[in-house]
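Worksheet for the structure shown next.
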Amino acid sequence: MKDPRKNSINWKRIGRNFLAYGGGLTIGFILMKYLWWDQRTDLESMWPKGMVKSKLGRSTIESNEINTCYLTCLGTNDSTLRTLLSKGDVHFPPVRREPFPVYRISTSSPSGEKMRLYVESKDSTYNIFKIEDLPGTTKNHICDCKTVDF
C-alpha cells in the first residue's frame, strides 16, 4: 500500500497547466492588440500625461501682457506653442495652486532649443508662468517678462 503522506509531484500536470496559462495570455494579448490597440489613436490620452496634453491642445492662450511677452520672447504664436506642448513631457505632480494647477512641461522646439515651460491650465485657456532653459540647449531665452508667483 502507498503511504498517503508521500504524495509524488505530477510534473506532467504542472507542465500542461503552465502551457494552458501561457497560451491563454498569448491569445489575450493578440486579441487586445489587433482588436483594440491598433484602432485607437487616442490611447495616450487615457493616461494623466496624455490628458494634460490633450486639454492644452484644445485650449487657447489667454490674451494678457505676460503671455504676449513670452510668445514674443519665443518668437512663436499660440498654435505653434500648442504643438510644442503636445510633443513635450509633462512632469508630475503638478504645482498645487488654487484654483488651477501649474504643470511643468519639458519640450524642444524644431530648431533644437530645449526648454521647460510652467503652464497654468484652466478650463478652456492656459497661461505661461515661466520658461527655463534646459541643459544642452542651443539658445538661451532671456525674457524680461513679469514673473508670477506659484
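Where a number appears in this text, it was derived from the coordinates with a stated rule and is not lab data. Since the model is a prediction, treat every value here as computed from it, not as a measurement. All Cβ positions, glycine included, derive from the backbone under ideal geometry; neighbour counts span all protein chains shown.
Within the range 67-150, the proportion of C-alpha pairs whose separation exceeds 20 Å stands at 27%. Within the chain, all pairs of alpha-carbon atoms sorted by distance into 5 Å bins from zero give the percentages 2, 8, 14, 16, 13, 8, 6, 5, 5, 5, 4, 4, 3, 3, 2, 1, 1, 0, 0.
Counting DSSP beta bridges in the chain, what percent are antiparallel, to the nearest 5?
Numbers: 18 of 20 bridges.
The antiparallel proportion sits near 90 percent.
Of the residues ASN127, VAL102, CYS73, the one whose Cα sits farthest toward the positive end of the charge dipole of the chain, with +1 on the Cβ of Lys and Arg and -1 on the Cβ of Asp and Glu, is VAL102. For the chain, build the charge dipole from Cβ charges (+1 Lys, Arg; -1 Asp, Glu) around the Cα centre, then report which of PRO93, ILE61, THR26 sits farthest towards its positive end. Farthest along the dipole direction, towards plus: THR26. Would you mind checking LYS53/LYS139; LYS55/LYS87; LYS53/LYS122 for any pair whose Cα atoms are more than 19 angstrom apart? Exceeds cut-off: LYS53/LYS139.
What's the extension gain from ILE30 to ASP133 if we count 0.36 nm per residue and subtract their Cα-Cα distance? Don't skip to the end; give the middle numbers.
Values: separation 103, 0.36 × 103 = 37.08 nm, distance 4.33 nm.
Length difference between fully extended and current span is 32.8 nm.
Ranked by the mean number of other Cβ atoms within 10 Å of their residues, highest first, the peptides 99-107, 56-64, 113-121, 19-27 fall in the order 113-121, 99-107, 56-64, 19-27. In this rough spin-label picture, where each label sits 7 Å from Cα along the Cβ direction, the HIS141-PHE92 distance is 2.4 nm. About its Cα centre, the range 45-133 has a charge dipole of approximately 360 debye under the convention of +1 per Lys or Arg Cβ and -1 per Asp or Glu Cβ, with nothing else charged. Taking Cα centre as origin and charging only the Cβ of basic (Lys, Arg, +1) and acidic (Asp, Glu, -1) residues, the dipole magnitude of the chain rounds to 1420 debye.
For the range 45-133, what's the relative contact order in percent, using C-alpha pairs closer than 8 Å and at least 6 residues apart?
Values: 137 pairs, mean separation 24.0, N = 89.
Contact order relative to length: 27 percent.
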